[in-house]
């Protein structure tokens, strides 16, 4: 169990603390407003601060009901605070808001309360939380401002994984992969300097893995925004987590997006013969009927393919080491030269 510094040293004469202290005793029955007020108080975020105003405005305008149903009021409060911190960072070009070391420690302590109250504080949970705690206490001074600003979001994602098996974007992470996930998120934060431009996500993050031109990366993000209807920040974070091969395939599909749109219209509005003739004309060769069916199915399921790639939902089959749905969709794209065929391994 992690105890926050602020909870250890609260002023007993403070009426505000006196009113909010009872919340800790029953996290699960706490309202979202109560949870937010309690956490903001413990984190020493003043009412006149931009973060406080943003959290209040977010609750007043639009309560995130789907998030509440998934994570509960307590974790939702932590998500809102972390998101508002990043919003302050992104809105100010002259710097970013960061928590002090003690605030970051307190944020971790607050986030873990849901684990304590639901009785799921296992040995593995304790080891992971202790690792984060040591990292904050021993390495905080070595964190750059980008990582300090992103760290609350990383904490909430780790707690969400421990709690329900997915991060706050819905990405599934197995228990044995949490440390790898944690390290990759830290690397992502220290590598990406600002998430407001798609060029950063597409080039800086993937330095040493895959390089995309500025024009290509900007067009890729804009097209994916239309296809997936996601928020830009969510999309860029998903792109940042992609492996080099997956990013390459999505980039190739983007470069052939006009063809995909044309094929999709032929398939949905035409007779099938039009699609067959167009493919034969463009490729200069004939495809077997089963190959055409496979290609048409891949075109129809473009959004499904992209969404599952971005959300890391193509889990490999234990016996074969591949995901058959992903394999079949990519085979369809390869048949009509929308993505590059995999090179055969030589023996």
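Assorted remarks:
- One chain, two ends: residue 290 and residue 53. Fully extended at 0.36 nm per residue, the span grows by 79.4 nm beyond their Cα-Cα distance.
- Between residue 243 and residue 120, the modelled label-to-label distance comes to 2.7 nm, taking each label 7 Å out from Cα in the direction of the beta carbon.
- By average C-beta atoms within 10 angstrom, highest first, the peptides 150-159, 296-305: 150-159, 296-305
- Alpha carbon centroid spacing (whole Å) that separates the stretch 103-150 from the stretch 220-266: 34
- Working ranking of peptides 226-236, 322-332 by packing, defined as the average number of other Cβ atoms within 10 Å per residue, highest first, is 322-332, 226-236.
- Extents of the stretch 256-347, taken as max minus min of Cα coordinates on every principal axis and listed largest first, are 40, 34, 21 Å.
- Placing pseudo-labels 7 Å out from each Cα toward the beta carbon at residue 66 and residue 141 gives an inter-label distance of 4.5 nm.
- In plain terms, the chain from residue 265 to residue 222 could stretch by 13.4 nm, reckoned as 0.36 nm per residue minus the Cα-Cα distance.
- Residues 133, 115, arranged from fewest to most other Cβ atoms within 10 angstrom of their Cβ, appear as 133, 115.
- Contour excess over end-to-end distance, with Cα ends at residue 301 and residue 325 and 0.36 nm allotted per residue: 7.6 nm
Here, each number is a calculation from the coordinates, and none is a lab measurement. It should be emphasised that the depicted structure is a prediction, and the values quoted were computed from it without experimental measurement. Cβ: placed from backbone, ideal geometry, glycine included. Neighbour counts: every protein chain shown.
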